[in-house]
Amino acid sequence: MKKGKKLYEGKAKIIYASAEKNLVIQHFKDDATAFNNQKKSVIEGKGILNNRISEHILTYLGQVGIKNHLIKRINMREQLIKYVNIIPIEFIVRNIATGSLTKRLGIEEGTTLEKPLLEYCFKNDKLGDPLISREHIITFNWLNLMELEWINEQCRRINDLLQGMFRSVGIKLVDFKIEFGKTKDENKIILADEISPDTCRLWDINTEKKLDKDRFRKNLGNLIEAYQDVARRLGILHEHSNIKPLKFPKPKAVKLKK
Ligand code: UDP
């Protein structure tokens, strides 16, 4: 796949033009940032893992009817995606209270929410991605009411699907952030960006060990090992990771005594 010029560079990804007008190449970097860019690091191999995990999740969501930008993975760090105008809103779905929710409202860390909580943040680094309400979205014409209702419904469905997917491999989906965009060709709203341990909080069901970017935010270490654990549990094989398929010794030939 021929890579064209760089169209956009974000904190963890770069978008390049492709040979096709309505498709672009999404490149996953190893850069990690937190707390609105105040904490930065490069974690070797993170981009490769996120590329694979996001591909796996978006492929699954596509198969069950959640339209999204993924066309195909091209190589270890890149995927071909539909070119969209990103809607400037982060849609956050929470099942368990942690992170900014606990800080903002004093809700006890780890509280299981009675039903999933949907929050919206305005995507703007300079302003620190402030929390916004439905009214802001409508007032500033970021979406019309019908579009917003449709996306809300998609968020709830995606949460149900991902909760099931992770539960089946012993992981609690605590919360996650997703983004939507409007396709350049048809102006249709689809799921975009990425879904990975960078954008989700994932806890081991039994031990509540964090298997996500909180390992970086909270200096817990072993981030790559945790992301690899997620990939391994999801059944994703990596050509270039330390994940090795389980090998069982060949049964030895047994000589029978005469
Ligand atoms: N999140 C994200 N990008 C952001 C902000 C949040 O992917 O810019 C994800 C984060 O990983 C978590 C969820 O959204 O899974 C909720 O994050 P929260 O609002 O608690 O933010 P934080 O505690 O990271 O400031």
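Could you name the aspartates and glutamates whose alpha carbon sits less than 16 Å from that of K11, not counting residues in the same chain fewer than 8 places away?
D30, D31, E44, E78, E90, D125, D129, E179, D193, E194, D198
Please compute the length gained on full extension between N85 and R217, using 0.36 nm multiplied by the number of residues separating them and subtracting their Cα-Cα distance.
44.6 nm
Along the Cα→Cβ direction, 7 angstrom out, place labels at K115 and K6. What is the inter-label distance in nm?
Distance between the two pseudo-spin positions: 4.5 nm.
Which helices, counted as full DSSP H runs in the chain, have an axial Cα extent of no less than 18 Å and a Kyte-Doolittle average of 0.5 or above?
Membrane-span-like by this criterion, though nothing is claimed about a membrane: none.
To the nearest 0.05, how large is the calculated FRET efficiency for T59 and M146 if R₀ is 35 Å and r is the Cβ-Cβ distance?
Using R0 = 35 Å, I get an efficiency of 0.80.
Wrap a convex hull around the Cα atoms of the chain, take a quarter of its surface area, and give that in square nanometres.
Mean projected area for the chain: 18.4 nm², to one decimal.
Given K29/K126; K39/K182; K126/K213; K21/K72, which pairs have Cα atoms separated by over 20 Å?
Where the Cα-Cα span goes over 20 Å, the pairs concerned are K29/K126; K39/K182; K126/K213.
Where nothing but the Cβ of Lys and Arg (+1) and of Asp and Glu (-1) is charged, how large is the charge dipole of segment 99-228 around its Cα centre, in debye to the nearest 20?
240
If you take the charge dipole of the chain about its Cα centre, with +1 on Lys and Arg Cβ and -1 on Asp and Glu Cβ, which of V42, I189, G99 is farthest toward its positive end?
Checked the options; the winner is V42.
Can you send over the solvent-accessible area of S100, 1.4 Å probe, protein chains only, in Å² to the nearest 10?
Approximately 60 Å² of S100 is accessible to the 1.4 Å probe.
What pairs in K5/K177; K6/K82; K82/K210; K40/K115 have C-alpha atoms more than 25 Å from each other?
K5/K177; K82/K210; K40/K115
Just by accessible area at a 1.4 angstrom probe, what is the order of R167, R134 from largest to smallest?
Listed by decreasing accessible area, they come as R167, R134.
The values are calculated or read from the model by the stated rules, or taken from the named source; none is laboratory data. Note that the coordinates shown come from a computational prediction; the quantities given were computed from them, not determined experimentally. When we count neighbours, we look across all protein chains shown, and the Cβ atoms used for this are built from the backbone with ideal geometry, even at glycine. The area values use the complete protein model at the heavy-atom level, side chains included, leaving out ligands, DNA and RNA. Shrake-Rupley method; radii C 1.70, N 1.55, O 1.52, S 1.80 Å.
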